[in-house]
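Below is one structure, written out as structure tokens; the observations come after it.
The values are calculated or read from the model by the stated rules, or taken from the named source; none is laboratory data. This one's a predicted model, so the numbers in the text were calculated from it and none came from an experiment. Cβ placement follows ideal geometry from the backbone for every residue including glycine, while neighbour counts extend to all protein chains displayed.
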């Protein structure tokens, strides 16, 4: 069976090579968008914490992964001034659609505000920079924005860079290993071509 299949492939090698080239190109295009499909989630599927998050979302309208937290330190101020700070944070949060304040209090010189949204981690992270700019426009440049969406926004570029350098390092090490095993010849590129084609096929299937 294997011998017959090999003969068929050899007899139709041009169409077969053409198909693999198309598959590789499609996989390469899908691979360029690989980073955008990677995420760091604070939820562990099937865990007790995920069940707790679902209960919070359903009964208390509290979405953990889509929640921003604003921390702002202030020195000795009047209650009226603290109230102004609170109102400015609320006004800045309006740049985030579906946002709502579900906790806000001043304690020991720190104004703490929790801002919930209905967005997923990735979608909420896209509003981080806009929210920080809105706080700056409200005269609160020292306000710190954290929470899962803000962390995702700040960490994602680092993860993308690490992934890119990891891919480059893997290719270089593979070339060196093949060079040591097979020597300097065209045969050393055969495993790389095969790996590129099969990985591209897998990425293409995932992308679809």
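Residues in the stretch 98-108 include none that are in the same structural domain as residue 69 (by TED's automatic domain parsing), under 30 Å from residue 82 (Cβ atoms), surrounded by 14 or more Cβ atoms within 10 Å (Cβ to Cβ) and within 20 Å of the chain's Cα centre (by Cα).
Summed over the stretch 142-184, the residues that are under 16 Å from the mean Cα position of the chain (by Cα) and in a helix (DSSP H, G or I) give a count of 17. Which number in (1) part of a helix (DSSP H, G or I); (2) at pLDDT below 90; (3) surrounded by 13 or more Cβ atoms within 10 Å (Cβ to Cβ); (4) within 32 Å of the chain's Cα centre (by Cα) marks the one condition that residue 49 misses? Result: residue 49 fails condition (3) only. For residue 23, the conditions (1) in contact with a helix residue (DSSP H, G or I) (Cβ under 8 Å, 6 or more places away or on another chain); (2) modelled with pLDDT under 70; (3) in a helix (DSSP H, G or I) all hold with the exception of (2). Being buried (at least 20 other Cβ atoms within 10 Å of the Cβ), in contact (Cβ under 8 Å) with a residue 12 or more places away in the chain and either more than 29 Å from residue 82 (Cβ to Cβ) or not assigned by TED's automatic domain parsing to the domain that holds residue 69 (or both) narrows it down to one residue among 121, 135, 178; which is it? The unique qualifying residue is 121.
Taking the criterion of being assigned to a loop (DSSP other than H, G, I, E, B) and modelled with pLDDT of 90 or more, the residues of the stretch 117-141 that qualify are 117, 126, 127, 138, 139, 140, 141.
When you check residue 67 against the structure, is it touching a strand residue (DSSP E or B) at 6+ places or on another chain (Cβ under 6 Å), closer than 30 Å to residue 51 by Cβ and surrounded by 14 or more Cβ atoms within 10 Å (Cβ to Cβ), yes or no? In short, yes.
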